[in-house]
Amino acid sequence: AQSVAQPEDQVNVAEGNPLTVKCTYSVSGNPYLFWYVQYPNRGLQFLLKYITGDNLVKGSYGFEAEFNKSQTSFHLKKPSALVSDSALYFCAVRDGAGGFKTIFGAGTRLFVKA
Amino acid sequence: GAVVSQHPSWVICKSGTSVKIECRSLDFQATTMFWYRQFPKQSLMLMATSNEGSKATYEQGVEKDKFLINHASLTLSTLTVTSAHPEDSSFYICSARGGGLAGDNEQFFGPGTRLTVL
(Lines give C-alpha, C1' and ligand atoms only; values in the text may rest on other atoms or scores of the structure.)
Protein backbone atom coordinates (compact mmCIF):
# COMPACT_ATOMS: atom_id res chain seq x y z
CA ALA A 1 0.00 0.00 0.00
CA GLN A 2 1.18 3.50 -0.71
CA SER A 3 1.55 6.22 1.89
CA VAL A 4 2.79 9.77 2.22
CA ALA A 5 4.22 11.54 5.24
CA GLN A 6 4.54 15.25 5.75
CA PRO A 7 6.35 15.46 9.08
CA GLU A 8 5.73 19.16 9.71
CA ASP A 9 2.29 20.51 10.49
CA GLN A 10 3.54 24.04 9.98
CA VAL A 11 6.54 25.79 8.50
CA ASN A 12 7.38 29.39 9.29
CA VAL A 13 9.75 31.40 7.13
CA ALA A 14 10.57 35.06 6.62
CA GLU A 15 9.86 36.65 3.27
CA GLY A 16 12.86 36.46 0.99
CA ASN A 17 14.30 33.42 2.73
CA PRO A 18 14.39 29.97 1.14
CA LEU A 19 11.68 27.54 2.14
CA THR A 20 11.47 23.75 2.29
CA VAL A 21 8.38 21.65 2.88
CA LYS A 22 9.22 18.01 3.53
CA CYS A 23 7.60 14.90 2.12
CA THR A 24 8.50 11.22 2.24
CA TYR A 25 6.61 8.42 0.54
CA SER A 26 6.19 4.69 0.31
CA VAL A 27 5.00 2.75 -2.73
CA SER A 28 5.59 -0.74 -4.03
CA GLY A 29 6.19 0.31 -7.63
CA ASN A 30 7.66 3.39 -9.24
CA PRO A 31 6.33 6.53 -7.56
CA TYR A 32 4.43 9.26 -9.27
CA LEU A 33 4.77 12.26 -6.96
CA PHE A 34 2.84 15.51 -6.83
CA TRP A 35 2.65 18.76 -4.92
CA TYR A 36 -0.53 20.76 -4.63
CA VAL A 37 -1.34 24.03 -2.89
CA GLN A 38 -4.67 24.95 -1.33
CA TYR A 39 -5.85 28.41 -0.35
CA PRO A 40 -8.71 28.85 2.17
CA ASN A 41 -12.04 27.47 0.94
CA ARG A 42 -10.54 26.65 -2.43
CA GLY A 43 -9.77 23.46 -4.30
CA LEU A 44 -6.32 22.16 -4.99
CA GLN A 45 -3.95 23.84 -7.40
CA PHE A 46 -1.31 21.72 -9.08
CA LEU A 47 2.27 22.86 -8.51
CA LEU A 48 4.49 20.17 -9.97
CA LYS A 49 4.95 16.46 -10.49
CA TYR A 50 7.63 13.83 -10.88
CA ILE A 51 6.93 10.87 -13.12
CA THR A 52 10.32 10.07 -14.60
CA GLY A 53 13.46 11.83 -15.82
CA ASP A 54 15.39 14.56 -14.02
CA ASN A 55 15.25 14.34 -10.25
CA LEU A 56 14.86 18.11 -9.95
CA VAL A 57 11.42 19.18 -11.06
CA LYS A 58 10.47 22.79 -11.62
CA GLY A 59 6.88 23.88 -11.24
CA SER A 60 4.55 26.82 -10.95
CA TYR A 61 5.23 30.06 -9.03
CA GLY A 62 8.95 29.38 -8.72
CA PHE A 63 8.58 26.16 -6.76
CA GLU A 64 10.72 23.11 -7.36
CA ALA A 65 11.09 19.69 -5.81
CA GLU A 66 13.80 17.09 -5.77
CA PHE A 67 13.08 13.40 -6.08
CA ASN A 68 15.46 11.35 -3.94
CA LYS A 69 14.93 7.65 -4.47
CA SER A 70 17.34 6.46 -1.79
CA GLN A 71 15.69 8.62 0.85
CA THR A 72 12.19 8.16 -0.62
CA SER A 73 11.70 11.90 -0.37
CA PHE A 74 10.21 14.60 -2.53
CA HIS A 75 10.77 17.89 -0.67
CA LEU A 76 9.25 21.09 -2.01
CA LYS A 77 11.53 24.12 -2.20
CA LYS A 78 11.58 27.72 -3.22
CA PRO A 79 14.68 29.95 -3.18
CA SER A 80 12.89 33.09 -1.99
CA ALA A 81 9.55 32.95 -0.20
CA LEU A 82 6.74 35.44 -0.74
CA VAL A 83 4.01 36.37 1.73
CA SER A 84 1.53 35.23 -0.92
CA ASP A 85 3.00 31.72 -0.72
CA SER A 86 1.29 31.30 2.65
CA ALA A 87 -1.12 28.41 2.17
CA LEU A 88 -1.65 24.71 2.81
CA TYR A 89 0.60 22.38 0.83
CA PHE A 90 -0.12 18.74 0.08
CA CYS A 91 2.26 16.10 -1.15
CA ALA A 92 0.65 13.19 -2.98
CA VAL A 93 1.78 9.87 -4.38
CA ARG A 94 0.44 7.39 -6.87
CA ASP A 95 1.83 3.93 -7.47
CA GLY A 96 3.07 3.84 -11.05
CA ALA A 97 2.77 0.05 -11.05
CA GLY A 98 -0.92 0.29 -11.70
CA GLY A 99 -4.16 1.93 -10.76
CA PHE A 100 -4.83 5.62 -10.46
CA LYS A 101 -5.38 5.98 -6.74
CA THR A 102 -3.68 9.09 -5.40
CA ILE A 103 -2.92 9.30 -1.69
CA PHE A 104 -2.41 12.66 -0.03
CA GLY A 105 -0.24 13.62 2.89
CA ALA A 106 -1.71 15.36 5.92
CA GLY A 107 -0.67 18.76 4.61
CA THR A 108 1.79 21.38 5.81
CA ARG A 109 0.71 24.91 6.52
CA LEU A 110 3.24 27.46 5.35
CA PHE A 111 3.39 30.89 6.96
CA VAL A 112 5.58 33.49 5.33
CA LYS A 113 6.14 36.59 7.46
CA ALA A 114 6.78 39.97 5.92
CA GLY B 1 -5.21 23.51 -19.14
CA ALA B 2 -8.01 21.14 -18.36
CA VAL B 3 -10.77 22.53 -16.15
CA VAL B 4 -13.01 20.76 -13.68
CA SER B 5 -16.02 22.56 -12.27
CA GLN B 6 -18.23 21.78 -9.31
CA HIS B 7 -21.72 22.95 -8.59
CA PRO B 8 -22.78 24.26 -6.20
CA SER B 9 -19.73 25.85 -4.61
CA TRP B 10 -21.50 25.88 -1.28
CA VAL B 11 -24.77 24.54 0.04
CA ILE B 12 -26.63 24.68 3.33
CA CYS B 13 -29.34 22.13 3.97
CA LYS B 14 -31.52 20.83 6.76
CA SER B 15 -30.81 17.55 8.47
CA GLY B 16 -32.56 14.66 6.75
CA THR B 17 -32.57 16.14 3.27
CA SER B 18 -30.50 14.97 0.31
CA VAL B 19 -27.98 17.09 -1.53
CA LYS B 20 -26.55 16.55 -5.01
CA ILE B 21 -23.14 17.86 -6.03
CA GLU B 22 -22.12 17.94 -9.68
CA CYS B 23 -18.62 17.58 -11.04
CA ARG B 24 -17.95 18.38 -14.69
CA SER B 25 -14.89 18.19 -16.88
CA LEU B 26 -15.30 21.21 -19.11
CA ASP B 27 -12.85 20.67 -21.93
CA PHE B 28 -11.89 17.03 -21.79
CA GLN B 29 -13.42 13.63 -21.38
CA ALA B 30 -12.86 12.15 -17.97
CA THR B 31 -12.56 8.39 -18.02
CA THR B 32 -12.35 8.30 -14.25
CA MET B 33 -13.57 10.68 -11.57
CA PHE B 34 -12.72 10.72 -7.90
CA TRP B 35 -14.54 12.13 -4.91
CA TYR B 36 -12.65 13.36 -1.87
CA ARG B 37 -13.76 14.68 1.46
CA GLN B 38 -11.79 17.17 3.48
CA PHE B 39 -12.44 18.04 7.10
CA PRO B 40 -11.25 21.39 8.46
CA LYS B 41 -7.48 21.58 8.66
CA GLN B 42 -7.13 17.99 7.49
CA SER B 43 -6.05 16.21 4.37
CA LEU B 44 -8.15 14.90 1.52
CA MET B 45 -9.65 11.49 2.08
CA LEU B 46 -10.56 9.52 -1.02
CA MET B 47 -14.19 8.44 -0.81
CA ALA B 48 -14.73 6.69 -4.11
CA THR B 49 -13.54 6.20 -7.64
CA SER B 50 -15.99 6.09 -10.52
CA ASN B 51 -15.59 5.08 -14.12
CA GLU B 52 -18.07 6.20 -16.72
CA GLY B 53 -20.93 3.76 -17.11
CA SER B 54 -20.00 1.50 -14.21
CA LYS B 55 -20.55 1.37 -10.48
CA ALA B 56 -18.31 3.40 -8.23
CA THR B 57 -15.64 1.76 -6.11
CA TYR B 58 -15.88 2.98 -2.54
CA GLU B 59 -13.06 3.20 -0.06
CA GLN B 60 -13.25 1.25 3.15
CA GLY B 61 -15.49 2.91 5.69
CA VAL B 62 -17.46 4.98 3.18
CA GLU B 63 -21.18 4.17 3.14
CA LYS B 64 -22.20 3.59 -0.45
CA ASP B 65 -25.88 3.95 0.37
CA LYS B 66 -25.29 7.31 1.93
CA PHE B 67 -22.96 8.74 -0.67
CA LEU B 68 -24.45 7.88 -4.04
CA ILE B 69 -22.19 8.37 -7.00
CA ASN B 70 -23.33 8.44 -10.60
CA HIS B 71 -20.92 8.80 -13.50
CA ALA B 72 -23.40 8.88 -16.34
CA SER B 73 -21.22 10.49 -18.99
CA LEU B 74 -17.58 11.20 -19.74
CA THR B 75 -17.97 14.78 -18.53
CA LEU B 76 -20.27 14.50 -15.54
CA SER B 77 -20.23 12.76 -12.18
CA THR B 78 -22.61 13.45 -9.32
CA LEU B 79 -22.34 12.82 -5.61
CA THR B 80 -25.59 12.69 -3.68
CA VAL B 81 -25.44 12.87 0.09
CA THR B 82 -28.62 11.15 1.20
CA SER B 83 -30.39 11.93 4.46
CA ALA B 84 -27.69 14.37 5.40
CA HIS B 85 -26.72 14.89 9.03
CA PRO B 86 -24.55 17.57 10.64
CA GLU B 87 -21.58 15.16 10.71
CA ASP B 88 -21.70 15.08 6.90
CA SER B 89 -20.76 18.76 6.84
CA SER B 90 -17.47 18.95 5.02
CA PHE B 91 -15.63 20.19 1.97
CA TYR B 92 -16.16 17.81 -0.95
CA ILE B 93 -13.69 17.89 -3.82
CA CYS B 94 -13.89 15.99 -7.07
CA SER B 95 -11.13 15.29 -9.51
CA ALA B 96 -11.06 13.90 -13.00
CA ARG B 97 -8.56 11.82 -14.86
CA GLY B 98 -8.01 13.22 -18.27
CA GLY B 99 -7.50 11.57 -21.58
CA GLY B 100 -6.41 12.70 -24.99
CA LEU B 101 -5.16 16.27 -24.99
CA ALA B 102 -5.47 16.46 -21.22
CA GLY B 103 -2.98 13.66 -20.76
CA ASP B 104 -3.81 10.31 -19.32
CA ASN B 105 -1.57 10.70 -16.31
CA GLU B 106 -3.05 13.98 -15.22
CA GLN B 107 -5.58 14.40 -12.46
CA PHE B 108 -7.44 17.70 -12.37
CA PHE B 109 -9.26 18.98 -9.32
CA GLY B 110 -12.49 20.88 -8.98
CA PRO B 111 -12.77 23.95 -6.72
CA GLY B 112 -14.69 22.06 -4.07
CA THR B 113 -18.17 22.24 -2.57
CA ARG B 114 -18.69 23.21 1.03
CA LEU B 115 -21.66 21.40 2.55
CA THR B 116 -23.16 22.58 5.81
CA VAL B 117 -25.95 20.49 7.32
CA LEU B 118 -27.98 22.24 10.00
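The values are calculated or read from the model by the stated rules, or taken from the named source; none is laboratory data. Here the structure is a predicted model, which is why all the values come from computation and not from measurement. So basically every Cβ, Gly included, is an ideal-geometry build from the backbone, and we count neighbours across all protein chains shown. We work out accessible area using only protein heavy atoms, side chains counted, and drop any ligands, DNA or RNA first. Shrake-Rupley method; radii C 1.70, N 1.55, O 1.52, S 1.80 Å.
Couple of notes before you dig in:
- Once the 1.4 Å probe is applied to the protein heavy atoms, segment A:28-114 comes out at 46 Å² accessible per residue.
- The residues packed around A:Tyr61, meaning those with a beta-carbon under 11 Å from its beta-carbon, carry a net charge of 0 if Lys and Arg are +1 and Asp and Glu are -1.
- Peptide A:38-46 shows a mean partner chain C-beta count of 6 within 10 Å per residue C-beta.
- Under 15 Å, Cβ to Cβ, from B:Ser15 - net charge with Lys/Arg +1 and Asp/Glu -1: 0
- Label-point separation in nm, A:Lys101 to A:Ala5, each point 7 Å along Cα→Cβ: 2.0
- Here is the interface size for B with A: some 1600 Å² of accessible area buried, both sides summed, with a 1.4 Å probe.
- Chain A: C-alpha gyration tensor shape, a/c 1.5 cut-off, then a/b vs b/c: prolate
- Among B:Cys13, B:Cys23, B:Cys94, the largest mean-square fluctuation in a Gaussian network model of chain B (Cα springs under 10 Å) belongs to B:Cys13.
- Prolate is the label for the protein assembly as shown, because the ratio a/c of its alpha-carbon gyration tensor axes (a ≥ b ≥ c) is 1.5 or higher and a/b is greater than b/c.
- Annotation: cysteines of chain B without a disulfide-compatible partner (Cβ-Cβ under 4.7 angstrom) are B:Cys13.
- Taking the DSSP bridge list for the protein assembly as shown and keeping only pairs wholly inside it, about 90 percent are antiparallel.
- Heavy-atom surface of chain B, accessible at 1.4 Å and reported per residue (Å²): 49
- Chain A, relative contact order [Cα under 8 Å, separation at least 6], %: 38
- Mean separation of Cα contacts under 8 Å, 6 or more apart, over the residue count of chain B: relative contact order %: 37
- Too-long pairs where the Cα-Cα distance tops 21 Å, listed order kept, from A:Lys49/A:Lys69; A:Lys58/A:Lys101; A:Lys101/B:Lys64; B:Lys20/B:Lys64: A:Lys58/A:Lys101
- About the centre of its Cα atoms, chain B shows a dipole size close to 280 debye [charges on the beta carbon of Lys, Arg (+1) and Asp, Glu (-1) only; nearest 20 debye].
- Subtracting the Cα-Cα distance of A:Thr72 and A:Ser86 from 0.36 nm times their residue separation leaves 2.5 nm of extension gain.
- The distance separating the Cα centre of segment A:36-72 from that of segment B:1-40 comes to 24 Å.
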